[in-house]
Amino acid sequence: MDGFQRHFDSQLISYGKQVIINLVDQKGPEKSLEQVFSKMTASLGNGMVKYCAFDFHKECSRMRWDRLQILLDRVADQQDEFGYFLVDPEGKMILQQDGTFRTNCIDCLDRTNVVQSLIARRSIQSQLQRIGVLHVSQRIDEQAEFEKIYKNSWADNANACAKQYAGTGALKTDFTRTGKRTKWGLVMDGWNSMIRYYKNNFSDGFRQDSIDLFLGNYVVDEADNLAFLHDQKEWRFLALPIIMVVAFSMCIICLLMAGDTWTETLAYVLFWGSASFGTAAIILFNGKEFVDAPRLVQKEKMD
């Protein structure tokens, strides 16, 4: 709790009032995180820190992304109260922003970027009306060229952050770019999620080692023997995944291209299915040995 208190003390000094927008699920594995975050925020007892929980996945399920307006309406009064920074042509300050929205999900990438882009959009709408670029009755979504540039900028920002952190572009960027959730966007999210899963488990160890070196979490000593970094994995770590993929592919092919009799087809499916499930079971049982884990900091802990 002490670290939580000190963190928000520094946030208040630097940025003024805070509205925490927590987008994590309020059920399942993420539920406990939301509950603890809510409890700790309440225990601060600080009127300058507000907490707003919004179950993004539940509210926007079944392509109901228009329900994000519920969240925007909920925080609209605070956004108007915070204002924005504005100076006149002579450099005299007219307005000063005195609060910020501290948005998070789990990785603070996909859901966070969507919500932040909508909050920023509402702010820039107000600013453009204030300085006379837009009339009071005009809206940004009526300015097609600006709207396109704005949405693509936020989507590109999401992709840049996500590639550094997760190894793929961001999810949900179809909504950020177009304002609509599409079936193709869902397919691409599924593809990117699979790529993330593979990279996070089987190819990201060296990335974490690089970060640890860059941040000084691991300090190289001339006396260290770094030969362990060049250790080659045994043949089975490469062979078993290949066998599993081939066996599963053959199982699908046998189902799609049935033999002369159903018993022949069943025999092929059972054989290749057993091979794929058997290799998958071995991989799962020895999961930690297959994962490409970081080595430098882990080595220090073991030492």
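The values are calculated or read from the model by the stated rules, or taken from the named source; none is laboratory data. Note that this is a predicted model, so its numbers are computed, not measured. Virtual Cβ from ideal backbone geometry, glycine too; neighbours counted across all protein chains shown. What goes into the accessible areas is simple: the full protein's heavy atoms, side chains included, and nothing from ligands, DNA or RNA. Shrake-Rupley method; radii C 1.70, N 1.55, O 1.52, S 1.80 Å.
From the protein chains alone at 1.4 Å, what is the descending order of accessible area for F277, F206, largest first?
Of F277, F206, the descending order of accessible area is F277, F206.
Can you work out the FRET efficiency for the pair S126 and K288, with r the C-beta to C-beta distance and R0 = 51 Å, to the nearest 0.05?
Step by step, r from the Cβ atoms, then E = 0.45.
Ranked by accessible surface with a 1.4 Å probe, highest first, in what order do T168, T263 come?
Final ranking, largest accessible area leading: T263, T168.
For V36 and A267 in the same chain, what is the full-extension length gain: residue separation times 0.36 nm, less their Cα-Cα distance, in nm?
77.9 nm
What FRET efficiency do you get for V220 and Q5 if R0 is 45 Å and r is their Cβ-Cβ distance, rounded to the nearest 0.05?
0.80
Using square roots of five times the C-alpha gyration tensor eigenvalues, list the equivalent-ellipsoid semi-axes of the chain in whole Å, biggest first.
The equivalent ellipsoid of the chain has semi-axes of 46, 29, 19 Å.
Note down the Stokes-Einstein diffusion coefficient of region 52-115 in µm²/s, whole number, using a Kirkwood radius over alpha carbon pairs, 4 °C, and 1.567 mPa s.
93
What value, in deg cm²/dmol to 500, does the helix sum -39500 (n - 2.57) over DSSP H runs of n ≥ 4 give at 222 nm once divided by the residues of the chain?
Helices in the chain give a 222 nm mean residue ellipticity of -19500 deg cm²/dmol.
Let's see if you can work this out: charge +1 on each Lys and Arg Cβ, -1 on each Asp and Glu Cβ, no other charges. What is the dipole magnitude of the chain about its Cα centre, in debye to the nearest 20?
900
At a 1.4 Å probe radius, which order do H57, H135 fall into by accessible area, largest first?
Solvent-accessible surface, decreasing: H135, H57.
For region 1-58, state which trypsin sites (Lys or Arg not before Pro) are in a DSSP loop and have at most 16 other beta carbons lying within 10 Å of their beta carbon.
K27
Which whole-Hz couplings ³J(HN,Hα) result when phi for each residue of region 177-193 is put into the Karplus expression 6.51 cos²θ - 1.76 cosθ + 1.60, θ = phi - 60°, listed in order with x for Gly and Pro?
Coupling constants for region 177-193: 7, 10, x, 9, 8, 10, 5, 5, x, 5, 4, 5, 5, x, 5, 5, 5 Hz.
For the chain, with the dipole built from +1 on Lys and Arg beta-carbon atoms and -1 on Asp and Glu ones, taken about the Cα centre, which of S274, G132, C251 lies farthest toward the positive end?
The Cα lying farthest towards the positive end belongs to G132.
Region 139-187: which trypsin sites (Lys or Arg not before Pro) are DSSP loop and have at most 11 other beta-carbon atoms within 10 angstrom?
Here the trypsin sites (Lys or Arg not before Pro) that fit, given the DSSP loop and packing criteria, are K180.
Once you put a point 7 Å from the Cα of Y197 and another 7 Å from the Cα of L238, both along the Cβ direction, what distance in nm separates them?
Once both label points are built, they end up 2.5 nm from each other.
Would you mind getting me the FRET efficiency between V87 and S153? Use the beta-carbon distance for r and R0 = 22 Å, nearest 0.05.
The calculated FRET efficiency here is 0.45.
Of all the Cα-Cα pairs you can form in region 1-51, what percent are over 14 Å apart?
Tail fraction, whole percent: 54.
Report the extension gain between K58 and L255 in nm, rounded to one decimal, defined as 0.36 nm multiplied by the number of residues separating them, less their alpha carbon distance.
Contour length minus the Cα-Cα distance gives 67.3 nm.
Taking 0.36 nm per intervening residue step and subtracting the Cα-Cα distance, what contour gain separates D66 from S43 on full extension?
Full extension from D66 to S43 adds 5.0 nm.
Select from region 70-116 those trypsin sites (Lys or Arg not before Pro) which occupy a DSSP coil region and have at most 11 other Cβ atoms within 10 Å, ordered by residue number.
The qualifying sites are K92.
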